[in-house]
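The values are calculated or read from the model by the stated rules, or taken from the named source; none is laboratory data. Being a predicted model, the structure only gives us computed values, none of them experimental. Cβ: placed from backbone, ideal geometry, glycine included. Neighbour counts: every protein chain shown.
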């Protein structure tokens with residue numbers, strides 16, 4: 001692929017402008033609702049319209065994140081928003097919810113769909129399934145190696161988007177329930193509490209951050225990604241500042257265009273940095289310590305030197321001396337990492353920070369505002385807490401103000417966490433409303449006759465009286481004056497595409513009359529558009545209501561009771577209508593009886609999918625005709641192999657009736673409501689499909705391909721005293737509460753006892 005898109009996050013309007021200025025080809029953003037970053041500033045529809053106008057003028061693109069799971073009660077406002085978005089016409093919607101995808105595909109086909117990484121596309125079959133559902137682009141799971149990406153790109157027939165920079169989730173995206181189940185804040189609904197960034201205590205008493213992933217940084221893998229056939233490189237960070245976005249975009253832009261960048265890694269680290277990783281870009285065999293930073297959390301900055309000594313001047317002020325490897329100036333930010341100093345509140349080496357106030361050259365003691373790299377400087381330390389920490393590290397003062405040479409004293413690393421010089425290189429461009437024009441072109445005809453002037457666009461007509469009819473002195477100026485007037489459409493959804501003026505009598509029309517005519521025309525066009533939108537919203541809502549009251553399938557006339565276990569677990573005693581066995585990627589399927597339903601894995605690496613396909617074919621020949629899919633890849637596999645009796649587990653997120661209807665159209669006979677649906681789950685109904693509800697489950701809070709970094713992850717205690725366990729099963733690391741969770745089941749609905757995630761069963 002010759003060209004590759006650089007896609008930047010935009011948590012605010014200013015951030016979007018900064019991203020474009022820095023070289024982003026496209027930005028992705030959220031609106032005030034249905035966005036997975038609900039805590040970002042986000043955009044109003046008016047701001048989106050303005051940004052789209054700016055993007056059009058610059059040849060850039062704007063994607064809207066419509067990437068949360070919706071309840072049935074949220075479908076009506078979602079329909080209204082989708083109708084407005086269809087009029088505004090962003091370049092694409094990024095979608096997680098299958099129900100939203102169905103709404104768009106059925107009722108708003110002008111909107112282009114991109115599959116969110118929350119849909120867990122981790123192999124070719126999953127990408128093909130999403131392509132079949134109408135997605136023109138798929139955002140791949142962040143865990144994939146470049147070799148897998150290359151293999152998928154060669155055969156998928158749609159665009160692929162991959163993350164290259166920014167924060168990582170410990171759990172596979174879309175398969176994290178920790179925040180929802182433990183904090184009441186669903187990450188799948190835009191309210192993540194970042195439980196993976198919290199400290200935990202292991203069974204051995206070790207306090208650490210066992211799930212805190214390092215940040216992704218693939219700036220040295222761009223050629224490989226380009227060669228692999230990736231369409232878009234995505235930078236994470238809708239909660240980050242405009243400075244962060246601009247600096248990261250600039251570096252990647254320069255690397256893509258020139259192979260080198262004047263924006264260094266150290267520049268980025270002064271803006272924001274955690275420890276970084278390639279994750280699994282180079283292959284699956286990675287040590288967890290290369291992926292997780294269990295010690296440090298938050299912005300670390302870039303190292304610039306170590307404290308050489310601490311002294312006092314005759315006025316009692318304390319000065320820190322260091323040899324700086326980076327240019328510094330007043331008001332830059334510094335952090336100090338004291339080796340061996342452990343903060344009891346976090347169980348980690350906590351950096352202590354300050355802003356540079358007074359600074360002087362070390363030898364001459366001359367006050368300076370800034371110094372170049374390679375300078376010996378002294379910086380005033382006025383913070384008593386910091387002074388105490390330095391003293392505790394063996395850098396305390398003697399009575400005469402000199403630093404004692406204490407043997408074995410701790411090394412104090414100094415890091416720059418904010419550079420004004422870097423900040424000045426990435427200003428936020430000023431927003432000018434004059435840059436914005438409506439995205440819908442108007443072919444306007446203006447007729448001047450008698451005592452009035454008329455404007456017409458299609459079937460819409462408005463007219464204004466001319467107060468005093470008289471001949472135009474300069475008839476040749478009439479048409480240009482009318483054009484100038486009708487070009488003043490800023491702040492509306494329209495722009496002048498063409499103008500025809502009919503003025504057989506050469507009459508003069510005052511500018512005030514033309515302005516009034518234009519305003520009335522815009523108002524009438526807006527009203528007509530709103531009326532059409534309201535009519536469409538009404539039709540879509542009626543269709544949704546009709547679908548929900550359609551009769552359920554005959555198979556659902558009675559309530560089922562099912563139980564699910566893992567292969568190798570003891571089968572439960574009788575008392576259930578059906579037993580489901582999760583077969584994973586290995587183990588002999590024998591002695592179960594062909595009436596047992598076999599369940600496919602929730603995550604299958606690209607390299608393993610053909611083996612899974614062969615295994616399913618073998619089991620089909622042995623008479624196993626009942627199957628359950630855990631993801632879209634598995635569902636597509638079963639349908640291509642001709643399996644007719646297919647159910648779907650909760651990991652396919654039948655979160656609302658539209659999602660259930662989508663699964664039904666894909667051949668699913670029964671689906672399991674998500675454990676985070678809560679009280680809204682009872683409303684989920686759709687023709688041709690039964691909805692099953694969990695009664696008990698050791699709910700998987702994290703499902704990850706990465707082992708947590710802890711001496712003993714089998715027992716972890718959170719800061720609130722809740723106890724968890726992490727264990728490995730079928731190549732995945734799963735974290736659950738130590739005690740199973742009971743769920744309320746709506747009366748008259750099918751139930752499931754899910755033991756497949758239980759570490760003890």
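Brief remarks on what is shown
- Applying the condition of being in contact (Cβ under 8 Å) with a residue 40 or more places away in the chain and in a strand (DSSP E or B) to the stretch 650-687 and asking which residue is farthest from residue 747 (Cα to Cα) yields 669.
- Residue that is nearest to residue 655 (Cα to Cα), among those in the stretch 88-118 that are touching a strand residue (DSSP E or B) at 6+ places or on another chain (Cβ under 8 Å) and assigned to a helix (DSSP H, G or I): 100
- Residue among 639, 626 that is in contact with a strand residue (DSSP E or B) (Cβ under 6 Å, 6 or more places away or on another chain) and either modelled with pLDDT under 95 or surrounded by fewer than 20 Cβ atoms within 10 Å (Cβ to Cβ) (or both): 626
- Filter result for residue 690 (more than 25 Å from residue 279 (Cα to Cα), in contact (Cβ under 8 Å) with a residue 40 or more places away in the chain, part of a strand (DSSP E or B) and in the same structural domain as residue 580 (by TED's automatic domain parsing)): yes
- Per-region count, the stretch 171-188, residues surrounded by fewer than 24 Cβ atoms within 10 Å (Cβ to Cβ) and over 16 Å from residue 96 (Cα atoms): 6
- Candidates 124, 133: the one that is under 19 Å from residue 282 (Cα atoms) and surrounded by fewer than 24 Cβ atoms within 10 Å (Cβ to Cβ) is 124.
A quick yes/no check of all residues on (1) on the phi < 0 side of the Ramachandran plot; (2) under 24 Å from the mean Cα position of the chain (by Cα); (3) touching a residue at least 40 places away in the same chain (Cβ under 8 Å):
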| site | (1), (2), (3) |
| --- | --- |
| 599 | yes, no, yes |
| 602 | yes, yes, yes |
| 616 | yes, no, no |
| 619 | yes, no, no |
| 631 | yes, yes, yes |
| 636 | yes, no, yes |
| 643 | yes, no, no |
| 648 | yes, no, no |
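- Residue tally, condition more than 30 Å from residue 49 (Cα to Cα) and surrounded by 14 or more Cβ atoms within 10 Å (Cβ to Cβ), over the stretch 470-494: 2
- Scanning the stretch 242-271 for residues that are assigned to a loop (DSSP other than H, G, I, E, B) and crowded, with 19+ Cβ neighbours inside 10 Å returns a single hit, 263.
Residue-wise test of (1) out of contact with any helix residue (DSSP H, G or I) (no Cβ under 6 Å at 6 or more places or on another chain); (2) assigned to a strand (DSSP E or B).
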site	(1), (2)
204	yes, no
216	yes, yes
224	no, no
227	yes, no
230	yes, no
233	yes, yes
239	yes, no
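- Among the strands (runs of 3 or more DSSP E) confined to the stretch 491-593, the ones with at least 1 residues that are touching a residue at least 24 places away in the same chain (Cβ under 8 Å) and assigned by TED's automatic domain parsing to the domain that holds residue 467 are located at 494-502.
- Residue that is nearest to the chain's Cα centre (by Cα) [pool: residues in the stretch 564-588 that are farther than 18 Å from residue 631 by Cα, at pLDDT 90 or above and surrounded by 14 or more Cβ atoms within 10 Å (Cβ to Cβ)]: 567
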